[in-house]
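Colleague: The structure that follows is given in the form of structure tokens.
Throughout, read-outs are computed from the coordinates displayed, never taken from laboratory work. These numbers were taken from a predicted model, which means no experiment stands behind them. Quick reminder, even Gly has a Cβ in these numbers, built from the backbone with ideal geometry, and neighbours come from all protein chains shown.
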Amino acid sequence: MKKINNLSQESFLKLFFAFISVCFLVAAVIMPDRSEMFSGLWKILSGTCKISTNYFALGGYAATYLNMGLVGLICTGLCFLPGAKPNQVTTLGVLLTIGFGSWGINPLNIIPTILGVCLYCVVKKETLGAMSNAMMYSTGIAPLISDLLFRYPGVEYIGFNGLGLVLALVVGLFIGFFLPAGMAFAPNVHKGFDHYSAAVPIGMTAFFLRTVLYNVMLGWKIGDLGALSTLGALDTQSWVLTNVFCIVVFVLCIVFALLMGCTFKDYKELLKDSGHGVCFSAKYGKAPFLMNVGFFGLMIVAYFNLAGIIDGRNVWTGMTFGIVFCMLSTCNSGSHPGNVWPIMVSYMVTSFLFGGIFKLLGGESYGLTIGSQSILIGLCYANGLSPVVGKYGAFWGMLLAAAHYLLVSAVPDMHGGFCLYNGGFTAALICLLFVPQLERFCKTKEEKKALKAEQAK
């Protein structure tokens, strides 16, 4: 552990990414359906994957874990490109991409956009490593790449074809080439109050391309793109396999943090942080960051299980499993249990409130319950608003989270299910609406504290 403590932040993060990736690969070979691992992986590689596609149902457990591990290794490999300096933004990108490895991303559909970022580096004479983060975030539109590869211009599956390959490459190069500039501008939209910054350019790009490729060129209207996916059958096995894996990995992170010398006092200091514009591993050290991974991860798993108990159903699909890591991705850029719990509470309260209104108005079956897939996925990205909690307090964080709940299920109509960062895009829209009002009419927690101190004199 002494050697790990002596590592630079960049080297430590590379090791951490490799550790997470290997965990998935090890899990893949011990899954009960491991004999079908490679055939299942082929189904994932060659299938369409508009949100929300349950890879557990499509390819099986072993294949899904294998896919997530391979995606993780690819992301880790990008961190070794010349000029790459892994940081909190990289942590978010790696874990987010791994998380989508269970419901939208695979090693095939990420190639075109990554090549697009490489093209940008050639034109702008940038080192590849300097754009490694952009390469990872470009994969947020991977479902569109798969759709172009395998079924465009219809809704029926075609398979590999020349037109699809050309379209996927051209569109992927287009997206990847223009993404770096979009990512540089995106923080201006939300002023650092949405962790999922890349969702802004990716979401707008998906909206634009969906309109051009389908509405304009084919004359299709909203709803003509077919069902987003089938969830597949849920069973007890999915609950056991996902929970055991997550608990083991997150407990190991806590154990490693303790062995590296982290104390709960050290972690308590991290929990006091607002989460606005911060890198935990740089500010508090490697061990406290690792402890945050463990406790924040366990908190997410506990919430999902609680949501399932409240709804009286098993919520663990490939998407649910993936969003544990999508939500965890902000563990180094500002999210921790202290500034996320108000968002979780807000989602539950808002669900009960509007579910009650729905029934009072004569509705029979409310579709946006706290354990529904769309709302669980929505919570993942509402988590991106945690800096609002840290900066302005729990009340305002809960208010913005409630607004996010109300909007998140409608936003896929804009991009047709082709943007994996749907909830992050929603969070950016919420910030665009509310952050100017907060800045104009509200005081930050620091300003309130300073005012009280001044009045006490």
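Colleague: What dipole magnitude, in Debye to the nearest 20, does the range 2-218 give about its Cα centre under +1 on Lys/Arg Cβ and -1 on Asp/Glu Cβ? Write out the running numbers ahead of the final one.
Modeller: Details: 12 positive and 7 negative charges, 87 e Å.
It comes to approximately 420 debye.
Colleague: To the nearest Å, what is the center-to-center distance of the range 268-326 and the range 362-404, using C-alpha atoms only?
Modeller: Cα centroid of the range 268-326 versus Cα centroid of the range 362-404: 15 Å apart.
Colleague: Still on this structure, I have one more. Per residue, how much space in cubic angstrom lies within the convex hull of the C-alpha atoms of the range 2-218? List each step's numbers first, then the result.
Modeller: Working: hull volume 28.6 nm³, N = 217.
Cα-based convex hull of the range 2-218, divided per residue, equals 132 Å³.
Colleague: Let me ask something else about it. Taking the Cα centre as origin and putting +1 on Lys and Arg beta-carbons and -1 on Asp and Glu beta-carbons, what dipole magnitude results for the range 236-448, to the nearest 20 debye? All intermediate terms of the calculation are to be shown ahead of the outcome.
Modeller: Numbers: 12 positive and 9 negative charges, 85 e Å.
It comes to approximately 400 debye.
Colleague: Nothing charged except the Cβ atoms of Lys and Arg (+1) and of Asp and Glu (-1): what's the magnitude of the dipole of the chain about its Cα centre? Round to the nearest 20 debye.
Modeller: Values: 28 positive and 19 negative charges, 242 e Å.
Approximately 1160 debye in magnitude.
Colleague: I've got another one for you. Give me D for the chain in µm² s⁻¹, whole number, from Stokes-Einstein with Rh from the Kirkwood sum over alpha-carbon pairs, 20 °C and 1.002 mPa s.
Modeller: On the way: Rh = 22.2 Å.
Stokes-Einstein gives a translational diffusion coefficient of 96 µm²/s.
Colleague: Between PHE395 and VAL22, what is 0.36 nm times their sequence separation minus the Cα-Cα distance? Round to one decimal in nm. Intermediate results must be reported in sequence, preceding the final value.
Modeller: On the way: separation 373, 0.36 × 373 = 134.28 nm, distance 3.99 nm.
Contour length minus Cα-Cα distance gives 130.3 nm.
Colleague: Starting at 0 and stepping by 5 Å, how many percent of the alpha carbon pairs of the range 236-448 end up in each bin?
Modeller: Reading the bins upward from 0: 1, 7, 15, 18, 19, 17, 13, 7, 3, 1, 0, 0.
Colleague: Tell me the label-point distance for the pair LEU259, LEU108, using the 7 Å Cα-to-Cβ offset, in nm and rounded to one decimal.
Modeller: The modelled label-to-label distance comes out at 3.9 nm.
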